[in-house]
1. Length gain on complete extension for the stretch residue 13 to residue 66, per 0.36 nm per residue less the alpha carbon to alpha carbon distance?
2. How much length is gained if the chain between residue 5 and residue 86 is pulled fully straight, taking 0.36 nm per residue apart and subtracting their Cα-Cα distance, in nm to one decimal?
3. For Rg/Rh (Cα atoms, Kirkwood Rh), one of [x] 1.21; [y] 0.99; [z] 1.25 was computed from the structure I shared and the rest are decoys. Which label?
4. Using only the alpha-carbon atoms, how far is helix 64-98 inclined from the longest principal axis of the chain? Give it as 0 to 90 degrees, nearest 10.
5. Can you tell me which of 14, 88, 79 moves the most in a GNM of the chain? Springs connect C-alpha atoms under 10 Å apart.
6. Multiply the residue gap between residue 39 and residue 75 by 0.36 nm, knock off their C-alpha separation, and tell me the result in nm, one decimal place.
7. At what distance in nm do the modelled label points of residue 21 and residue 96 sit from each other, each positioned 7 Å from its Cα along Cα→Cβ?
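Laboratory data are not the source of any read-out in this text; all were calculated from the coordinates shown. Just so you know, these numbers come straight off a predicted model, no measurement behind them. As a convention, Cβ positions derive from the backbone with ideal geometry for all residues, glycine included, and neighbour counts pool all protein chains shown.
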């Protein structure tokens, strides 16, 4: 499994854990440690992206809109990269037939 796939899986796991714990509103905020998560750089990246919102020091909840948007943008980037790679492969195949 590639490093990117591991990061995506970890991001999904973090979001899922907070959702399953019901930490989806400020009054239900939890600490990552309460949910068996580390305050890793992946978690902090999600905080920076607005997916997790800090209410009190060390307590977070999932911003559902931001989480859905984060996943949508991540998926669009992946599809864009796939399209670029497919286009490049097509150009290489076309060039090899012309030579």
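1. 17.5 nm
2. Between residue 5 and residue 86, full extension yields an extra 27.2 nm.
3. [x]
4. 10 degrees
5. Of 14, 88, 79, the most mobile in the Gaussian network model is 88.
6. So the extension gain works out to 10.5 nm.
7. My value for the distance between the label points is 5.0 nm.
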